[in-house]
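Okay, so here's the structure we're looking at.
The values are calculated or read from the model by the stated rules, or taken from the named source; none is laboratory data. These numbers come from a predicted model, not from an experiment. Cβ sites come from the backbone with ideal geometry, for glycine too, and all protein chains shown count toward neighbours.
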Amino acid sequence: MLKAKISKEEVNLLPVVIFEGKITLVDELAKVKQAIDELSKHTVVGIDTETKPSFTRGTHHKVSLVQISTLDHCFLFRLNMIDFPLPLAEFLANKNIIKIGLSLRDDLTGLNRRYAFKPAGFIDIQEIAKNYGVMELSLQKIYAILFDKKISKSQRLTNWESPALSEPQQRYAATDAWASLQIYLQLMQEKKLTKKAIELLVLEGLRAQQALSQRPDTPVL
């Protein structure tokens, strides 16, 4: 059975992993069709989004980037430059192509603010990981449990609407979409737990949290 939990300290000790495959920037409308045609050859892909961070209260930005990845090729759709092309919307609404991501509700809500479409064929890792005994919710921790490697978060708060995305930005963005796909494919090779076994793990987790919350504070010397 897979490890249920992993601490932040354990994750930080692991070697860093990064996507080393091909990255294609889709920053012009003329590049969209070829990118979608290539992605449509696959039955399952990884997906993620990035949004320009806001450091001002009440200020929110639209989704800047959509990353869609196979195991060796990631396409970065720069929505701040190409808006939301119809072929991309049709791809995201295609139920025959499985799109794997994490915390997809937020991603899909943000995308629908740019262009209203009906998402289909999406699978959220957070909703299936527990079926295999993994009780973590973050991409970084789930990946660490499965692969003993750490996904870096160093570029998360960078400007995703910069005129040109740096190499570290591109690699970071591609890694999250690629990692989601890797996680899904690995989970599909694991044995599902029974409903009773899952309930026991959830109960154990709740007990551990309760014990931690009831622990007295360390006295100040």
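In summary, helices (runs of 4 or more DSSP H) completely within segment 77-185 and bearing 3 or more residues that are of a type in the set (D, E, K, R) and closer than 25 Å to HIS42 by Cβ occur at 104-114.
Against the definition (of a type in the set (A, V, I, L, M) and surrounded by fewer than 19 Cβ atoms within 10 Å (Cβ to Cβ)), how does LEU29 come out, yes or no? Write out each step before concluding.
Values: of a type in the set (A, V, I, L, M): yes; surrounded by fewer than 19 Cβ atoms within 10 Å (Cβ to Cβ): yes.
Spelling it out, LEU29 is indeed of a type in the set (A, V, I, L, M) and surrounded by fewer than 19 Cβ atoms within 10 Å (Cβ to Cβ).
Scanning segment 176-184 finds one or more residues that are in contact with a Leu (Cβ under 8 Å, 6 or more places away or on another chain) and polar (S, T, N, Q).
Checked against (1) at pLDDT 95 or above; (2) in contact with a Phe, Trp or Tyr (Cβ under 8 Å, 6 or more places away or on another chain); (3) among the charged types (D, E, K, R), GLU20 passes all but condition (2). Being over 15 Å from the mean Cα position of the chain (by Cα) and part of a strand (DSSP E or B): is that true of THR49 here? So THR49 does not fit the description; no. Pairing residues of segment 165-186 that are under 11 Å from ILE18 (Cα atoms) and among the charged types (D, E, K, R) with residues that are surrounded by fewer than 20 Cβ atoms within 10 Å (Cβ to Cβ) and modelled with pLDDT of 95 or more, at Cβ distances under 9 Å and at least 6 apart in sequence or on separate chains, gives ARG171/ILE18; ARG171/GLU20; ARG171/ILE23. Among residues of segment 120-133 that are under 24 Å from ALA89 (Cα atoms), those with a Cβ under 8 angstrom from a residue that is of a type in the set (Ser, Thr, Tyr) and not in a helix (DSSP H, G or I), sequence gap 6+ or separate chain, pair up as ASP124/SER103; GLN126/SER103. Residues that are at pLDDT below 95 and over 20 Å from the mean Cα position of the chain (by Cα) within segment 55-92 comprise PHE55, THR56, ARG57, GLY58, THR59, HIS60, listed in sequence order.
Could you grab me the full set of residues in segment 139-160 that are surrounded by fewer than 18 Cβ atoms within 10 Å (Cβ to Cβ) and at pLDDT 95 or above? Passing the criteria: PHE147, ASP148, LYS149. Residue-level analysis places LEU201 among those that are under 20 Å from LYS130 (Cα atoms) and surrounded by 14 or more Cβ atoms within 10 Å (Cβ to Cβ). Scanning segment 1-21 for residues that are more than 9 Å from ILE145 (Cβ to Cβ) and not aliphatic (A, V, I, L, M) turns up SER7, LYS8, GLU9, GLU10, ASN12, PRO15, PHE19, GLU20, GLY21.
Number of residues in segment 26-44 that are outside any helix (DSSP H, G or I) and within 16 Å of ILE97 (Cβ to Cβ): the value is 5. Evaluation of ASP106 against the conditions (1) exposed (fewer than 15 other Cβ atoms within 10 Å of the Cβ); (2) within 28 Å of ILE6 (Cβ to Cβ); (3) modelled with pLDDT of 95 or more; (4) not hydrophobic (A, V, I, L, M, F, W, C) shows that the sole unmet condition is (3).
Please indicate, with yes or no, whether at least one residue in segment 115-123 is under 15 Å from the mean Cα position of the chain (by Cα) and over 21 Å from ALA35 (Cα atoms).
The answer is yes; a qualifying residue exists.
For segment 7-28, filtered to residues that are within 21 Å of MET81 (Cα to Cα) and of a type in the set (Asp, Glu), the residue that is farthest from the chain's Cα centre (by Cα) is GLU28. One residue alone among ILE18, ILE100 is touching a Ser or Thr at 6+ places or on another chain (Cβ under 9 Å), crowded, with 23+ Cβ neighbours inside 10 Å, of a type in the set (Val, Ile, Thr) and on the phi < 0 side of the Ramachandran plot, and that residue is ILE100.
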